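Data first, discussion second: the structure below is written as structure tokens.
None of the figures in this text is laboratory data; all of them are computed from the coordinates on show. Being a predicted model, the structure only gives us computed values, none of them experimental. Ideal geometry is used to build each Cβ from the backbone, glycine not excepted, and the neighbour counts take in all protein chains shown.
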Amino acid sequence: MVVRLLDAASTAQAHLGASSEAAASGVYDLLHRATRPYEAEARLLEALIIERCPGATSLLDVACGTGEHLRHLADSFEVTGIDASAAMLRVATTKLTTVPLHVADMRTFSLRRPFDAITCLFSSVGYLPDVTGLRLAVSNMADHLTPGGVLVIEPWLHQDAWSADDTFAESVTEAGRSVSRILTVSVRDDFSVLSMHYTVSDGGPVREFDEIHHLRLFSIDDHVDAIQAAGLVVEHEPVGLSGRGIFIGRQRS
Ligand SMILES: C[S@@+](CC[C@H](N)C(=O)[O-])C[C@H]1O[C@@H](n2cnc3c(N)ncnc32)[C@H](O)[C@@H]1O
């Protein structure tokens, strides 16, 4: 098994999903702000949305997590967020005091209003367990788009990303707090299983906790088919924001 330090610029880095403990303790934000340039990503998103939908003014971030992209997207759009995790949204609320944030599942949410742009970033669709779930989520997002509106999905990695189990380690120290994470990835059929061990020190006793995340390894065609089945015109950018690529869907005008 290979152990290596995660490089901030690495495009193959593994990542967190929803964890009450990591979210509430600020560990999610500390680790991800160190490796994910949220503001630069928001500027890229704005550019690609405006290029395709020049009059776009409203944006919904699906699976917005702790609201790091929304914080910056709010400079250019009237923003809204949804996420399945109340713990993640509680953190988002502290940063986005005037932004509507809803606890909801991406497959079933209903906001009863459309948006010019919808984003679903940082591989959040990987938490959907099957192709039926992916199709439901994409169709629901498409139903919330205005005519000519743009959907941007950043997928999880595809099955050929790992040929064997792998282990990564990373650590961040900021303002008297140190966080280390060891992450082991194994592939089981169509799923990646991410086992994470955290060590957190705020100067006092060291605290440790564990998480296991199961992320579905959808294929490129799974995403393209789901976006086309939702009636959108699809583009696939293989690099995207972080090396995982992005899928862009456009609602017909
Ligand atoms: C890796 S985090 C990404 C969060 C945020 N987009 C970011 O860039 O930091 C994945 C997020 O997906 C959310 N999530 C997972 N399954 C979901 C579902 N079915 N509906 C809505 N949100 C979901 C989790 O709660 C978590 O906040």
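Checking every one of the trypsin sites (Lys or Arg not before Pro) in the stretch 99-177 against DSSP loop status and a limit of 14 other Cβ atoms within 10 Å picks out Arg112.
Alpha-carbon geometry of the stretch 88-140: the Rg and the Dmax are 12.5, 35 Å, given in that order.
Using only alpha carbons, the stretch 159-215 has a radius of gyration to Kirkwood radius ratio (Rg to Rh) of 1.10. The H on the amide N of Glu78, modeled in the peptide plane, is under 5 Å from the matching H of Ser58, Leu59, each at least 5 residues off or on a different chain. Calculated translational diffusion coefficient of the stretch 125-253 (20 °C, 1.002 mPa s; Stokes-Einstein with Kirkwood radius over alpha-carbon pairs) equals 128 µm²/s.
If you look at the Cα atoms of the chain, you get an Rg and a Dmax of 17.7, 58 Å.
Going from the fewest other Cβ atoms within 10 Å to the most, the residues Cys53, Cys120 appear in the order Cys53, Cys120.
For the stretch 200-253, applying the loop criterion from DSSP together with a ceiling of 10 other beta carbons within 10 Å to the trypsin sites (Lys or Arg not before Pro) yields Arg252. Taking the Cβ-Cβ separation of Ser20 and Ala169 as r and a Förster radius of 22 Å, what is the calculated FRET efficiency to the nearest 0.05? Step by step, r from the Cβ atoms, then E = 0.45.
Between Ala47 and Ser139, the contour length at 0.36 nm per residue exceeds the alpha carbon distance by 30.7 nm. Put in order of Cβ neighbour count within 10 Å, fewest first, the listed residues Thr184, Thr98, Thr173 become Thr98, Thr173, Thr184.
Sorting the segments 78-88, 31-41 by their mean number of nearby beta carbons within 10 angstrom, highest to lowest, gives 78-88, 31-41. Helical runs assigned H by DSSP (4 residues or longer) give the chain a calculated mean residue ellipticity at 222 nm of -8000 deg cm²/dmol, each run adding -39500 (n - 2.57) before division by the residue total.
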